[in-house]
Amino acid sequence: MKGKGQTRRRLFTVVWEFRVAARQRRAFEKTYGPEGAWARLFHTGKGYIRTELLRDRETPGRYLTIDYWTSRQAFGTFKKRNHAEYAALDEKCTAFTEEERLVGEFERLE
C-alpha cells in the first residue's frame with residue numbers, strides 16, 4: 001500500500017505477437033530487440049521507456065514484443081509525429097514476419 005502523498009505510476013504498454021520463419025529469425029531479433037531499429041525509432045519520442053523481445057520456448061518462431069511508454073498519450077503523440085518513419089519501417093519489416101497481431105494495449109501499475 002502506498003503511503004500518504006505517494007502515487008502509483010502507470011505505465012502504458014503495447015504488446016505484439018509475431019510468427020517468424022526460421023530463415024528470418026536472426027534479422028527479426030536484431031530489428032525488434034531492445035537495441036534494434038524499432039527501439040531506436042521509439043527513442044526519438046518523448047515518453048518512450050524500453051522494448052522487450054520475448055521468444056516462445058515451446059513454439060519456434062513465435063515472439064512477443066512489449067513496448068513501454070509513460071502514457072497512452074505519449075505513444076499517441078509519437079505515432080502522430082513519426083507517422084511516415086513508422087510506416088516505412090513497418091513496410092521494410094514485413095519481410096521478416098509471416099504473421100503479426102496486436103495483442104493489445106495495456107496499463108500497468110507500478
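The values are calculated or read from the model by the stated rules, or taken from the named source; none is laboratory data. Keep in mind the model is a prediction, meaning the values are calculated, not measured. Note that each Cβ is placed from the backbone with ideal geometry, even for glycine, and that neighbours are counted across all protein chains shown.
Checking each residue in the range 93-102 for being at pLDDT 95 or above and loosely packed, with under 15 Cβ neighbours inside 10 Å picks out Glu98, Glu99, Arg101, Leu102.
The set of residues in the range 47-69 that are among the β-branched types (Val, Ile, Thr) and under 13 Å from the mean Cα position of the chain (by Cα) comprises Ile49, Thr51, Thr65, Ile66. When Ala84, Ala39 are screened for being aliphatic (A, V, I, L, M) and under 20 Å from Phe12 (Cβ atoms), only Ala39 passes.
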